[in-house]
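One structure is given here, and the rest of the page talks about it.
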Amino acid sequence: MTIAQRFERFAEANPMVYDTLVRLAREMRGKGMTKVSIDFIYQVARWEVIQATDDIEFKLNDHYRAFYARLIMALNPDLRDFFECRTSEADDWLDNPPSATMQRILARLP
């Protein structure tokens, strides 16, 4: 399974991660920040999600950060170009037609 496929499965099973990242990004934007590293918000989200679950083994894989950053910027016009991004295999993933898993994720978003 590719990293993109693992990300999609994780994102589908854990929608609160995406929701938390978007909320945090908007809070940062509201504070006047114009560019933020996904790493910064990911660490805060890691803490919040762990606090919200009873699963002490819950983990946010660092390899998913690039995928979340690109997904958030693609789906939220107010956050377009908000994250500082380097070239990543997530770029290719975003350029391809969405998989069935990704279509299910997109269908649940507002």
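The values are calculated or read from the model by the stated rules, or taken from the named source; none is laboratory data. Remember, predicted model here, so these are calculated numbers, not experimental data. Because the Cβ atoms are built from the backbone with ideal geometry, glycine has one as well, and the counts that use them run over all protein chains shown.
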Selection status of residue 35, more than 15 Å from residue 83 (Cβ to Cβ) and among the charged types (D, E, K, R): no
Condition first: outside any helix (DSSP H, G or I) and more than 13 Å from the chain's Cα centre (by Cα). Can you find one or more residues in region 10-20 that meet it? no
Pairs needed: first member in region 11-36, closer than 14 Å to residue 73 by Cα; second member anywhere, part of a strand (DSSP E or B) and of a type outside the set (A, V, I, L, M); C-beta distance under 7 Å; at least 6 residues apart or different chains. 36/83
Output the residue which, of all residues in region 1-21 that are surrounded by 16 or more Cβ atoms within 10 Å (Cβ to Cβ), touching a Phe, Trp or Tyr at 6+ places or on another chain (Cβ under 9 Å) and β-branched (Val, Ile, Thr), is nearest to residue 101 (Cα to Cα). 3
Select from region 23-45 the residues that are small (Gly, Ala, Ser) and within 19 Å of residue 66 (Cα to Cα) and list them in ascending order. 25, 37, 45
For region 42-80, how many residues meet the condition of being part of a loop (DSSP other than H, G, I, E, B) and either surrounded by 15 or more Cβ atoms within 10 Å (Cβ to Cβ) or not charged (D, E, K, R) (or both)? 6
How about region 27-41: which of its residues are surrounded by 12 or more Cβ atoms within 10 Å (Cβ to Cβ), modelled with pLDDT under 95 and out of contact with any strand residue (DSSP E or B) (no Cβ under 9 Å at 6 or more places or on another chain)? 33, 39, 40
So the check is Cβ under 7 Å with 6+ separation or different chains; which pairs have a first residue in region 81-110 that's in contact (Cβ under 8 Å) with a residue 40 or more places away in the chain and part of a strand (DSSP E or B) and a second one that's surrounded by 13 or more Cβ atoms within 10 Å (Cβ to Cβ) and β-branched (Val, Ile, Thr)? 83/36; 83/38
Within region 71-92, can one find any residue that is of a type in the set (Lys, Arg) and within 13 Å of residue 7 (Cα to Cα)? no
